Amino acid sequence: MRFQNPETTTPREPTLAEKRARLKAVEEQRRRAEEEQQARQAAEEKARSRRKLLGAGGVTVGLVGVVAAWYLVAVPDEVTAVCTTADGTIVDDDYCDDDYVSSHHGYHSGGWVFIPMPGGGTQQYRYNYGGTGTVGQPVSGGTYTRPSNASITTKSGTTVQRGGFGISGGSFGKGGGS
């Protein structure tokens, strides 16, 4: 029999092997659907955690930026101090040095150094921070206010103040001051 009319022919009962193959195919299809569902859930969970990590990464990047900015601000500037008279004329650095002032019976007061003169009276000296010029000439630029968080040295190489946090006022000249 080569041709069967589907309208009039009754289908035969499937064999045991065909039933098992159909059940196996259905089971395989169900298993694939479950695996796909689990893969989708795993991908969604991974995407959620990645978003969280990216958010945390943004916080980390922001924190690194803050630390970098703080470090730039915290790094002390290098400032050169020149010793000047009351009228702003640059003199030798010794006149503002603690040892020199002590050996000449001078004293410090309010950022000024006072050294007694041979005929009476006192000569006044103070540091100019950041100013330039040569001995005997008026100082050019700078300020008489001691910069905080700066490493201050004189032209002769004496350290007036070391830079960094935790600097507090102390004596004038070599050790610190105002």
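If you go through region 136-152 one residue at a time, how many are farther than 22 Å from D92 by Cβ and of a type in the set (S, T, Y)?
So in region 136-152, the residues farther than 22 Å from D92 by Cβ come out as 145, 147-150.
Going one step further and asking which of them are of a type in the set (S, T, Y), we end up with 145, 148.
Counting residues in region 136-152 that are farther than 22 Å from D92 by Cβ and of a type in the set (S, T, Y) gives 2.
Any idea how many residues of region 131-165 are over 20 Å from D99 (Cα atoms), open to solvent by 80 Å² or more (accessible area, probe 1.4 Å) and at pLDDT below 75?
1
Do we have any residue at all in region 23-31 that's at negative phi, within 57 Å of the chain's Cα centre (by Cα) and either at pLDDT 80 or above or surrounded by 10 or more Cβ atoms within 10 Å (Cβ to Cβ) (or both)?
Scanning region 23-31 turns up at least one residue that is at negative phi, within 57 Å of the chain's Cα centre (by Cα) and either at pLDDT 80 or above or surrounded by 10 or more Cβ atoms within 10 Å (Cβ to Cβ) (or both).
Here are some conditions: (1) modelled with pLDDT of 85 or more; (2) open to solvent by 50 Å² or more (accessible area, probe 1.4 Å); (3) in a strand (DSSP E or B). H108 meets all but one. Which one does it not meet?
Result: H108 fails condition (1) only.
The values are calculated or read from the model by the stated rules, or taken from the named source; none is laboratory data. Source: prediction; values computed, not measured. For neighbour counting, all protein chains shown are included, and Cβ atoms are generated from backbone atoms with ideal geometry for every residue, glycine included. Heads up: the accessible areas ignore ligands, DNA and RNA and are worked out on the full protein's heavy atoms, side chains in. Shrake-Rupley method; radii C 1.70, N 1.55, O 1.52, S 1.80 Å.
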